[in-house]
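Remarks on the structure that follows.
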Amino acid sequence: MGETGPGTTVESEIAVALSVAVGLFLALSSGSRAHAVELDAAQRVTLFREASSSRSGICADKGNCDLTVIHPQTDISATFGSGVSMAGGYAVDIVSGATPKVFGVDAVSTATRFSDTRHEVRGSLTYARPTAEVTAGYSYGWESDYKSNGLTVTTRSDILDHQVTLGFGYTHNFDTVCDQDNTASAGRPLDRVALSSSQNCFKSGAGAQGTVTHALNIDSLEPSVTWAATPRLLLQGGATVQILDGFQSNPYRQVELGSAARTPQETVPNLRQRFAVFGRSAYAFPRTRTALHAMTRLYRDTWAVEAVTGELLVNQYLAKFLLFSVRGRVHAQRGASFYRDARGYRLLGPNGQYWTGDRELSPMENLLVGGKFAYIRIPEPGAPHFFNEIEAAAKWEGLFYRLDSALAPNADRKLAMIWQLAISLRF
Amino acid sequence: MPRLTAVILAAALGLAGCGHLGVKAHQRELLADRIMKLDGDAQEKAADEHVLSNREGAIGGTGTAGGGCGCN
């Protein structure tokens, strides 16, 4: 991990990315006029709402401490007859809610309101042949206290007469995180002060007063193999390896340690190595026009988080143009080796040299259930049409949490609702 | 060493067998249907992963982008 100065402006970075994308698009368009071009456009908006059951402090008014995330996404892609396709997308996270400033036994009384907006633009280029394809992509995300650059390469190749598909994905992220300048307390993590505001983040010179930026590098590898086992059965197996190196704490979060009411900034290790293996299957029931999907995943990392996840999904045609899906998913995990609930941190102090108030690192289980309706319209062959396909979908899911302690992080939030509306067109 | 040889032989035989046990091109109608896509809709998958990866300590298990059923 290294501390760096402020980066270039967001506007100039976006301008360069857009210029490259437009240039590539024009070059490819002009070179493929003789071929048919297929265009896809998709718009989706997700509303995520996690209700708080707390009724004290600023949470006294119902809904005041709920976490709300609105996540619109727009994606456009063009596939050229030459086997080349381009894709671009834009997504936003509009987040509002309340979060405890200090993870302690009386976390709710320290809760403060916050709101933030995260933007992401991305683009990719794919070259496909009958038995193989390769995609290279770039994404840039920015918010008031975090910047992310991601480079992705994925490949797919069919072997053994298309019986088996080998997939491989690699992503490198080089991210930058804003933090409070704790240079004065170097080597004394109990004296680290949390960031109070992102107001000075990523500013240059004197404007950045009191803040620094840290690097976070993330490398992810995802190999997979898919086998068309029978005319009704698809099987897939794969793995994910991810290595994170850099600042991974929440810079705003404080953790109450011991009975002397010390509340230093959250401190977690700089290095995290994560491993997952998974198996998936899909089975077709042609008489009822149904497909049953199943997935299981095993996960562990070097912070001692271990997890098992299982999922079932049923896709069912209710009519030629109407698709219904129902999904159930369970997840259970052990907490990180340095995790304790708020009472544990107060009575026993830190478990080693790290401490956290992150629910993701706590022992927990969750259950997700929900359903989706999709309307699909594909014009009959030969009939005059404006589009080749249109799909509109509405989805609802409920996410239920079960934490192992009433003093675990976000213990007041036991249920989240997820609504989604989507429309996609193919020309 | 004999155990490693046996594993390599078994894997080679398994892969070789795939060519006979698998599905011919004209038998892939069901596998090519949208309801059988293991990766589902890419935009929906990205949104789902975005929600869960921010609320769980685990990652992965969603497959490599571009993985498919050999239905091209």
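Find the relative contact order for segment A:76-192 and round it to a whole percent, using C-alpha pairs within less than 8 Å whose residues are 6+ positions apart. Could the numbers behind the result be given before it?
Values: 221 pairs, mean separation 19.7, N = 117.
RCO, segment A:76-192: 17 percent.
Let me confirm one metric for peptide A:94-102, namely the mean number of other chain beta-carbon atoms within 10 Å of its residues' beta-carbons.
Details: counts 0, 0, 0, 0, 0, 0, 0, 0, 0.
Mean partner shielding for this stretch: 0.
Relative to the Cα centre, what is the charge dipole magnitude of chain A, using +1 at the beta carbon of each Lys and Arg, -1 at the beta carbon of each Asp and Glu, and rounding to the nearest 20 debye?
Details: 40 positive and 40 negative charges, 230 e Å.
Dipole magnitude for chain A comes out near 1100 debye.
With the Cα gyration tensor of the protein assembly as shown in hand, convert its eigenvalues to equivalent ellipsoid semi-axes via √(5λ) and list them largest first in whole Å. Could you put the intermediate results ahead of the total?
Details: eigenvalues 338, 143, 116 Å².
Those come to 41, 27, 24 Å.
Taking only Cα atoms, what is the 0 to 90° angle, nearest 10, from helix A:10-31's long axis to the longest principal axis of chain A?
Helix A:10-31 and the main axis of chain A meet at about 10 degrees.
Which far-off residues, 5 or more places away or on another chain, put their amide H under 5 Å from the one on A:Phe103, with H placed in the peptide plane?
Answer set, sorted by chain and number: A:Gln254, A:Val255, A:Glu256.
If you count, for every residue in A:220-228, the Cβ atoms of partner chains within 10 Å of its Cβ, what is the mean? Write down the numbers at each step before the final one.
Details: counts 2, 1, 8, 2, 8, 3, 8, 7, 13.
Mean shielding count: 6.
In whole Å, what are the extents of segment A:149-282 along the principal axes defined by its C-alpha atoms, from largest to smallest?
Principal extents (Cα only, largest first): 64, 40, 23 Å.
In whole Hz, what ³J(HN,Hα) sequence does segment A:297-306 give by Karplus (6.51, -1.76, 1.60; θ = phi - 60°), x for Gly and Pro?
9, 10, 9, 8, 9, 7, 8, 6, 6, 10
Under a point-charge model restricted to the Cβ atoms of Lys and Arg (+1) and Asp and Glu (-1), what is the dipole moment magnitude of segment A:321-395 relative to its Cα centre, in debye to the nearest 20?
Values: 10 positive and 7 negative charges, 87 e Å.
That gives segment A:321-395 a dipole magnitude of about 420 debye.
Please compute the average number of Cβ atoms from other chains found within 10 Å of each residue's Cβ in peptide A:150-162. Display every interim value, and only then the final one.
Values: counts 0, 0, 1, 0, 4, 3, 7, 2, 5, 4, 9, 7, 10.
Across A:150-162, the average partner-chain Cβ count within 10 Å equals 4.
If you add up the charges near A:Gln254, with Lys and Arg at +1 and Asp and Glu at -1, over every other residue whose beta carbon is less than 14 angstrom from its beta carbon, what do you get? Working shown, then result.
On the way: positive: A:Lys101, A:Arg192, A:Arg253, A:Arg262, A:Arg346; negative: A:Asp106, A:Asp179, A:Asp191, A:Glu256, A:Glu266, A:Asp358.
Residues close to A:Gln254 contribute a combined charge of -1.
Would you please put A:354-366, A:312-324, A:212-224 in order of how densely packed they are, using the mean number of other Cβ atoms within 10 angstrom per residue and starting with the highest? Don't skip to the answer; put the middle values down first.
Values: A:354-366: 21.8, A:312-324: 15.2, A:212-224: 18.8.
Most protected by this proxy first, the peptides run A:354-366, A:212-224, A:312-324.
Helix-only estimate, please: 222 nm mean residue ellipticity of chain A, summing -39500 (n - 2.57) across DSSP H runs of length 4 or more and dividing by its residues, to the nearest 500.
Details: 2 runs with 29 residues, N = 427.
Calculated mean residue ellipticity at 222 nm is -2000 deg cm²/dmol.
Using a 10 Å cut-off around each Cβ, can you sort A:His331, A:His172 from fewest to most neighbouring Cβ atoms?
Numbers: A:His331 23, A:His172 13.
Exposure proxy ranking, most exposed first: A:His172, A:His331.
Hey, fewest Cβ within 10 Å first, where do A:Ser281, A:Ser82 land in order? Walk me through the intermediate numbers first.
On the way: A:Ser281 17, A:Ser82 14.
With the sparsest Cβ surroundings first, the list reads A:Ser82, A:Ser281.
Hey, what did segment A:310-427 get for relative contact order, percent, Cα under 8 Å, at least 6 apart?
About 24 percent, as a whole number.
With θ set to phi - 60°, apply the Karplus curve 6.51 cos²θ - 1.76 cosθ + 1.60 along segment A:140-154 and write out the HN-Hα couplings as whole Hz, x wherever there is a Gly or Pro.
Working through the residues one at a time gives 9, x, 8, 8, 5, 10, 8, 10, 9, 10, x, 10, 10, 10, 10 Hz.
Output wanted: per-residue J couplings in Hz (rounded whole) for segment A:411-418, from phi through Karplus 6.51 cos²θ - 1.76 cosθ + 1.60, θ = phi - 60°, x for Gly and Pro.
With coefficients 6.51, -1.76 and 1.60, one gets 5, 7, 10, 10, 8, 10, 10, 10 Hz.
Amide H neighbours of A:Val84 under 5 Å, at least 5 residues apart or on other chains, H built in the peptide plane: list them.
Under 5 Å from the amide H of A:Val84: A:Ala128.
Since every read-out is calculated from the coordinates, none of them should be taken as a lab result. These figures come from a predicted structure and were not determined experimentally. All Cβ positions, even for glycine, are placed from backbone atoms using ideal geometry, and neighbour counts span all protein chains on display.
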